[in-house]
Structure formats: structure tokens, C-alpha cells
Amino acid sequence: MIYPAITYLVSASVLAAGVFGTITIKLFGEIVLVIAVLGILYYLKRLFYKKVEELTNIRVERALRTKEKALRIFSGLDSETSVKDNDGGKVKSIKYKSVTVLFADIQGFTKIVEHLNPEKLIDELDSFFIKFDSIVDKHGIEKIKTIGDAYMAAGGIPDKSRVHSIKMILVAMEIHSYMFELREAKTKQHQDYWELRVGIHTGPVIAGRVGRNKTSLDIWGDTVNIASRMESSGVAGEINITGATYQLVKGFFVCEYRGKMPIKYKGEIDMYFVKGIEPELSVNGEGKIPNDLFNIRMQHIRFGDLEDAVLERLERELPEDIYYHNVKHTIDVVTQTEIIALGEGVSEEELLLLKTAALMHDTGFILDYHEHEASSIELAREVLAYFDYSQSQIDTVVDLIQVTHPKARPVNKMQAILKDADLDYLGRSDFMAVSESLFKELQEHNGMMSEQEWNKRQCDFISGHKYYTETARKMRQMNKEKQLEKLKLVSKNAAV
């Protein structure tokens, strides 16, 4: 764009020289100045676009690295044990320690078939199963297959989850609610209606891909058989679960004990009917729809999945020269966050978000040492959506992570709690050992510093530091002052 303009000016000058004979020195100087200015502008423009391109490439690369790390953290929930073919070839099937299996079956199907033409029968079955599929998908449960009039689904595969049994009960309740609505409509029209039995059991299974293209997931094992027995021994309109499933969901649902069922090679198994959601955990206390407290308590259980995945990745992927901001530090901060938060009387949701921020606040060290806070925030945004955190919850976690920056100051109780937990080591008995680890790490990444300089910096920092919460002050303030005196003594001796 600029070169043609310059060429045009030069050509014009030459033309003018031909027409008028000569170009005055003044005019020539002005032309040269214009050419110089345009050349400089062109150079600056090219430099600017080059810089923008470099920054864009850096950001894209960083975003891709963050996405990759986030997916690897999430993939930490994948299968537990691979079972190979006899020849040691490709993975054929996978063993899962805990999966919740649901069987749903239409009661009296044979009699219904006798009174219904085949086309209508297939249409109605299709409409049922399509609705079941949408319910299962909404709750993150895996549909396994349909067998005639029976429907089979499993929770906890292909991704591990501590809440699969709870979600499966919600699936069963929603399926029954749909069938009850249909029954009511059919009754008003004096038509026959369908009734459903549901059986559920939780236990280990073997899972694998079947079919010509290996795209369909199937499961095998005693857990599948017991779930099928729960269905066949159930009652239409009821959700029949085993004692194993009951132990995992009893804090969320009201259950009615109904006796034992003999199972071949397994002895007798307890059975329960699920009567509804616990009143305090349901909308209007009606026991039908989970409320916010239900979801938050389920998230607290799900936090264990997130914690396992994050700590495993930190253990594997943190650089070897991270001596302070390591897995132990993250565990310490999570633990102290919970202790201080309980002391400060936070709500259940606030406790969840505080623990989440404590867990995620140093994950950025696996991406970038000097920009770890920003990287931790990026990872939190990528990862937490997989673990059922809402956007507003993720935003709160991000705000909490930002306060862990050394220069940041808390502006509310939650931020004060996390800030105190992150710097809890200042008042611990192992402060000197922890301080040495931090010094060693900083030496690796921020250049050389004498031990005397480091001790002085720590003295200055601790002298100006204050704990923001009453709980932290009671726990650590006095001991922090003792550590300061010890540090001053060490610095004095080193100076001598």
C-alpha cells in the first residue's frame, strides 16, 4: 500500500522536472520528507502487526496447553483397570469398581401385546425409550441397551464419579414421574396404560465395546444380574434398590426397608423402596424435585473426584524444581481452608467454593511458573464445568484464586479465609523448613539471592503480615510471632 504511493510521488517529481525544467530544492526536500515519513509509518505498521501476531501465537499456544492440561485432569476420572485379550493385544474391556445399574421393565407387557396392534406397540415403546434416553442423558448416565420392553442404563461409566448412585435414583424418579403422567392421561381417556418396574444395584462391573464397529458399550457381571433381580422382584410404580445402593444414597432420599432377597451364590440382599427426596433437600419439601441444597451436597461428594484428579496430575506433572508449591502445599491449603471456613461459620456452598479454589489455586505451576495465577484461573475455567459447577460458582472460584497473589488484599470473608489458609505456614511449627523450601525454589526460578537477604525479606514480610480472620489469628498469630523472633535470631547470627 505504501510502496505504490512512494513510487507515485517519485514519478510525479520526475514528471514535474520534465515539465518545469527543474525542481526547487525546497520542493525536493518536501518530497523526500514525505517519502521518509511514509517509510517510517510503513515500518512501524509492519512492526506492530508482527508484534500482534507474536502475542496472538503465544496466547493461542498457551490456550491450547491449558486446554490439554484441563482435559488431562478431567481424563483422570477414566477407567480403572484394563483387561486385555489373551494375546496381550488391544484393550478389550475395562473393570470398574463401582457402577450403578438400572433395569426398567414394563409390567404385564405380554397382555398388552395381545390387545395392541404391532405398529402402535412399536410406536409407544419408541416414544417411551426416547424419553428415557433424554432423562438419562440429562443426568450424565450411560444408556446401555434396550431388550424388548426392558431398558438398561449404568452410572459411573465410562467416567468415574462418586455420585452415580444418587443421579441414578433421580433418573428413576423422573422416569416414574413421566409414566405417572401418561397413566393419568390414559385413565381420563379410558385407555389401557403402561406400568413400570425399576430395579437398581451398585457394584463392580466389566465394561467393553461390542458390535462390528465396537461403538456400543455393554456391561457384565454379578452387579448386572442383581439389578435385574431387583427389577423382577419389584412392584410397578416403585423403585427397588439394594442395600449397597441404599448406603450410598440414604442421606438424600427417604427409603423404606422391605426385607431380604435370596441371591444365588450371594446369600440374602437387603431391599428398599425409594419413597422420595428428603424433605429438606426438595423443592417445597414435597420430596419430588431436588433443591439447591441437594445439589450443593452432591457437589461436596463430587469434590472428591475433582480432588483425586487434580492431585494426581500435580503429582505427575509439576516440575521437579517446585519445592514449595507442590502437592503437599496444596493439600495443606485445602485442609486449612476447611478448618478456618468452619471456624468462620460459612455456608455449605461457600465451603465448597473455598475448598475448590484452594485445590485449584496452584495448578498453574504445571503450565507457567511466572504466570501461574493466570494459568490456574484458566485451568479452573476449563476443568470445573466438567464437575457440575455453575458459571457463577466458577466466577467466584476465580475471584478467590486471584486473592492468593502476594500483593492482593481480601475484600470479603471468603477471600480472607483463603488468604489466611494460603499463608498458614507463617505460624506453623515447621515454618523454618517450609521457608527453606520456598527459598530453594525461588533460587531456581528468580535468580540468585543470599540466605541473609532471604531471611531479611521474610522478616520484613512477616512483620507487616496480619491474619484477616479471627480463627486464623487464634490458631497462628502467637506462633507466627515466635517464628519471627527465631528468624531474626538466625539473621543476626548469620550477619555475625
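Every number here is computed from the coordinates shown, using simple stated rules; none is lab data. Computed from a prediction, not measured in an experiment: that's the story for all the values here. Using ideal geometry, Cβ is built from the backbone for each residue, glycine included, and neighbour counts are taken over all protein chains shown.
Observations on the model:
- Alpha-carbon gyration tensor eigenvalues x 5, square-rooted, for the stretch 255-299, Å: 31, 12, 6
- P(r) histogram, all alpha-carbon pairs of the stretch 81-290 included - 5 Å bins from 0, percent: 1, 7, 14, 18, 19, 16, 11, 8, 4, 1, 0, 0, 0
- 10 Å-binned pair-distance histogram of the stretch 296-495 (Cα, whole percent): 9, 35, 36, 17, 3, 0
- Estimated FRET transfer efficiency when R0 is 25 angstrom, pair N479-L293 (beta carbons, to 0.05): 0.10
- Computed label-point distance, nm, for sites K456 and H300 using a 7 Å Cα→Cβ extension: 4.9 nm
- Loop-resident GluC sites (Glu not before Pro) (DSSP state other than H, G, I, E or B) in the stretch 304-394 with no more than 10 further Cβ atoms inside 10 Å of their Cβ: E320.
- Gyration tensor over the Cα atoms of the stretch 319-434: the corresponding equivalent ellipsoid has semi-axes (square roots of 5 times the eigenvalues, largest first) of 21, 19, 12 Å.
- Hydrodynamic radius (Kirkwood) for the stretch 291-332, which is based on Cα pairs only, to one decimal in Å: 11.8 Å
- A straight chain from Y178 to V235 at 0.36 nm per residue would run longer than the Cα-Cα distance by 18.8 nm.
- Rough spin-label spacing in nm, given labels placed 7 Å along Cα→Cβ, for S216 and L442: 6.3 nm
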